[in-house]
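Throughout, read-outs are computed from the coordinates displayed, never taken from laboratory work. Note that this is a predicted model, so its numbers are computed, not measured. Please note: Cβ atoms are built from the backbone with ideal geometry, for glycine as well, and neighbour counts cover all protein chains shown.
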Amino acid sequence: MGHAVHVRRLSVHTAAGARLVSDISFTLEEAERVALVGASGSGKSLTAAAVLGTLPVTLNASGAISVCGCDVRPGRLPRSRTGVAAVHQDPSTALNPLLRVGDQLDLVLRAHGTRAAVATSVATSLLEDVGFEDPDKLLWRYPAELSGGQRQRVCLAIALACRPKLLVADEPTTALDVDTQEQVLDAIERVRQRHGTALMLITHDRRVAATRTDRSIRMAQGELIDEATGVQG
């Protein structure tokens, strides 16, 4: 089995030299579920951004990162990077409010090689994968017409349209009520199993980390503190 992510001695620092993430290393295997757990400011989201290549331009990163078998520059995203998709904390900022759900899925599918003739049927299948019972109707709706949990599941469907080998979910349930959180987490697990996708889950919730992942890596003040094995599922 290969590595979905291999991080070696990653550090993130400001232009003035202040370290925000300090010399961390970890590995995520193919199809494995790993949580980065910690309080706000622990460095977990910066670590995810370094893997995704979305660090702010005001920050610099050093070390080595391999994603899906390819060495990448920590923190910066070359347009050619493939195999990785992300779901972020606030789905309202991730979706274009002026485009229907179907149009947004179509744009991503077409960009990743899906033929126009089958794009709608593929989009419908992706929405079914994330738990929508009326995907045909949903294709015609705008983000503002959806609940927060529905928008987050649409974001998950869009991420899957990229055909990722690795899904990075950065606090995907923080803004949702408890019942909706479980729906989104169920959808992530269902599609992860169906597509064999590795999951890096960024969360401050130890319960979610323990019950929804195979392994948790705890961070504090930019450092890795310890690891724990998930207790179930």
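At a glance:
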read-out: Counting DSSP beta bridges with both ends in segment 112-233, the antiparallel % (nearest 5); value: 55
read-out: Neighbour-count order for Thr93, Thr174, fewest beta carbons within 10 angstrom listed first; value: Thr93, Thr174
read-out: Likely footprinting exposure, Ile65, Ile202, fewest C-beta neighbours within 10 Å first; value: Ile65, Ile202
read-out: Computed log₁₀ I(q)/I(0) - Debye formula, equal Cα scatterers, no solvent, segment 1-128, q 0.14, 0.17, 0.22 Å⁻¹; value: -0.77, -1.01, -1.28
read-out: Gain in span if fully extended, Ala175 to Ala117, counting 0.36 nm per residue against the direct Cα distance; value: 17.2 nm
read-out: For the chain, alpha-carbon Rg relative to the globular expectation (2.2 N^0.38 Å, N residues); value: 1.00
read-out: DSSP-defined beta bridges in the chain - what % are antiparallel, rounded to 5; value: 60
read-out: Residue exposure sequence - Leu146, Leu52 - by fewest surrounding Cβ within 10 Å; value: Leu146, Leu52
read-out: Where trypsin sites (Lys or Arg not before Pro) fall in DSSP loop in segment 1-103, at most 16 other Cβ within 10 Å; value: Arg79, Arg81, Arg100
